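The values are calculated or read from the model by the stated rules, or taken from the named source; none is laboratory data. On a predicted model such as this, the values are computed, not experimentally measured, just so you know. Protein only, heavy atoms only, side chains kept; ligands, DNA and RNA dropped before computing areas. Shrake-Rupley method; radii C 1.70, N 1.55, O 1.52, S 1.80 Å.
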Amino acid sequence: MAILPHRCLLIFSLLYLVILIVPPRSSGNPDPVNPSSEKETAHGELAPAALFGYVEDVETGEPLTGAGIYLPGTTTGASSDPIGYFQIDRLSPGTYTFRISYLNYESVEREITIVHGQEKRLDIKLYPSRYEMDEVTVTSSRNRMEQRNLGRRRISVEESIQTPSVLQDDLFRSIQLLPGVAAASDFSSGLHIRGGGTDQTLIRLDQATVYNPSHFFGFFSTFNSDAISDVDLYKGTYPAEYGGRLGSVIDISNRDGSRESHGGVLSLGMLSSRIMAEGPLNGKGSYLAAFRRSTMEPILHVMQGEVDGVPDQFYFYDLNARVSYDLNGRNRVNASIYSGTDDVQLPFDDQMIFNFRYGNRTFNTTWTHFSGSSLLSRISLTGSQYFNYPFTDMGGTPFDRNNRLSEGKMNAALVWFPNTRYELSAGAEVGRMSYSLVDSFNGIATLDTEIRSWNSAFYVQGEWRPVDRVRINSGVRVEHYGTGDYWKLGPRVSTDVFLTPDLRLQAGYGRYYQYLSLVSNPTFSGFDVWVMAGEKVAPSCSDQFAVGLKYEPRAGWEVEVEGYYRTMNDLFEFDPLLGDVAGFEYHELFRTGDGYAYGLEAMVERTKGRLTGYVGYTFGRTWRRFPEYNQGRFFPPRFDRTHDLTTALNYRVSSSWRFSTTFTYQTGQPYTQPVGRSMLSGNPLQNGRLNHMVVDRVNGARMPAYHRLDIAATRRGSFFGIAQAELQIQVINVYSRRNVWFYTFDYNQNPPQKQEMPLLPILPSVTYTIEF
């Protein structure tokens, strides 16, 4: 029965390739930068030349992703990919001046002579910008404009290090400050992007999915800044190479180790400590290994007996490792692993104990092959596993849960550069996903569910520049989900128009599908449970629309405005009204609903000078609806924010001292307000009374507005003349604003009396890091 869809998919893909590849017949003069399109050899064949190579950090050998290589004054050029590779094809023989630039690195120009039919390799090593007291241009304006695609932002590790965060620098904390992104609370590293739940963001580490990116009750994410490279954030309308989520994508890469020398980092902090080592391998590759572990156990031991709720047992750890090796000039192999675990035991009273153990495992192996100057291919094997084993003992009666989600996948991709105005890529992936959820009470299984599904996808996408100031990206992704035999088609399209060299208009649309759902606890990620679509549980679907305007009024200043609208259909989650689920079929455990979100984001950013940073504002609303709940009316979920204002600034006093600050203001979160309680006499099961809570509209009330100011001071210097060192002093929540986390209610009062559960008070932190 699946033969016909496969044939339709093949025919459609071939037609799409023809449409994208074959350019329309041109009238007028040929491209002056690309005259080779009409130059022929003595045999009547085209005689193009090509330039390709790598862009790397001169000091570490680390590949630089997204570096711009182009001819000044034209649109001819390329950007380096995640391993630093670039290529420019269809160049006529001659001498060219190329400019290479990258954020926070010194730009360089190279004069290159290319002869007939030559495929010339050019490896570029860039020097980091040396910050002086006066202005330093960190990149060219055109290159930054090229990188600022609709809904996309590249985030450097340096940004996360400079951003004040709770006890330790953290990638997700810096992402949470961007317009359109919100956190559930101070105790959550989850991301709510453009009105979506935390499960609607695809998080990848070296192409492998990470399902729970949180440590220490959500204080910070699982991503160690010592081990990761730049991060790509797609807030919406993301391209066809990604799939499986309704909303957004965070694509993270473990960084390569230094190819120049052996070295490392040792960092001691109040919450955790880190160690990292890196170095070259046989002159053809590099290695990197990083380990992070909690160091709060001594502090918690002192607090036990003095402070209620202190864990009896607690630790977490992260391990990252990556090896890169060049087999030859056209073949490169990368392999990486990640492992992270949290283990915490909490005493609630003498009769109750909670134990939580959860974490992630990932691995990736990628072979990259350059088949000539215009074709690049990659084959990857990835694996992911999420596990969650909460355990409760209530007066000697145990309750335990086993939730596991595993995925193995093979991915093959091709990138083709037929000429300077076209770029085409296509890929296919096939994988197997395994899911299990087992609940046991007093040794008896009350729920035992297991699903295994073969899944596959195929995508093709292309970029076309019909004229210098217009760029059109289009693609389509076809997905097949085996359990339930669901076939889904997701078209994607976006366009960029340079109205002037410094003013850019953008618009985009995409359709997306999701086959997983996260049953999330708003206060503690240790209770999170992943569930899968299946027979009679259809995958969720979303349509996204976005439009944006990006403007650079002067060198070093950037302005962005983006608006979005998105639908969310067939949302599925556990039905909270079921109670005892024993004996239910899998599809009977869920309720299904829909929703939508819309908003406007604005940001003003300064990118050069002693004072850098941005001010961002978001107006956004998001709504959900489930039949037979809230009388079938739409309601805002807990993470809905109407207004969100953020300021993040860095001031470099000298080469040794840097100060940074962040300020955040957000509309208070919605919650459901209890208004009373009714009691009906005569029920023997309730001591003669039947209690019924009376509540207002679902999430019809709002908590007080959230606002917080954080500051940090960083000093770089020498560690006894043998290594570089950095001392960072932070103060979180400077004026000790007691923002509300959630409310508890005393139901013995009528109406119920509420009590605030506050978030973080003022919190100082000191971290000392040594780089050797």
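Here are a few things to note about the model shown:
- Residues with amide H under 5 Å from that of W741, placed H, sequence gap 5 or more: M757, L759
- Taking amide H as placed 1.01 Å from N in the peptide plane, the amide H of Y486 sits under 5 Å from that of Y481, each at least 5 places away or on another chain.
- Whole-Hz Karplus values for segment 378-389 come out as 9, 10, 10, 10, 10, x, 9, 8, 10, 9, 8, 10 Hz, taken residue by residue from phi with 6.51 cos²θ - 1.76 cosθ + 1.60 and θ = phi - 60°; glycine and proline positions read x.
- Compared with the rule-of-thumb size 2.2 N^0.38 Å for a compact globular protein, segment 315-432 has a Cα radius of gyration ratio of 1.65.
- Calculated SAXS-style log₁₀ I(q)/I(0) at q = 0.15, 0.17, 0.28, 0.32 Å⁻¹ - segment 537-583, Debye, Cα scatterers: -0.65, -0.72, -1.01, -1.09
- Accessible surface of segment 203-258 [probe 1.4 Å, protein heavy atoms]: carbon and sulfur percent: 39
- Two numbers describe the Cα atoms of segment 445-488: Rg and Dmax, which are 19.2, 65 Å.
- Computed across segment 390-464, the Kirkwood radius stands at 16.1 Å (inverse of mean 1/r, all Cα pairs).
- In this structure V108 has an accessible area near 40 Å², from a 1.4 Å probe over the protein heavy atoms.
- Shape index of segment 450-570: Rg/Rh, with Rg the Cα radius of gyration and Rh the Kirkwood radius from the inverse mean 1/r over Cα pairs, equals 1.11.
- Cross-link reach list, aspartates and glutamates versus K754, counting only Cα pairs under 19 Å and skipping chain neighbours closer than eight places: D696, D746
- With every protein chain in place, segment 386-477: carbon and sulfur % of accessible area (1.4 Å): 57
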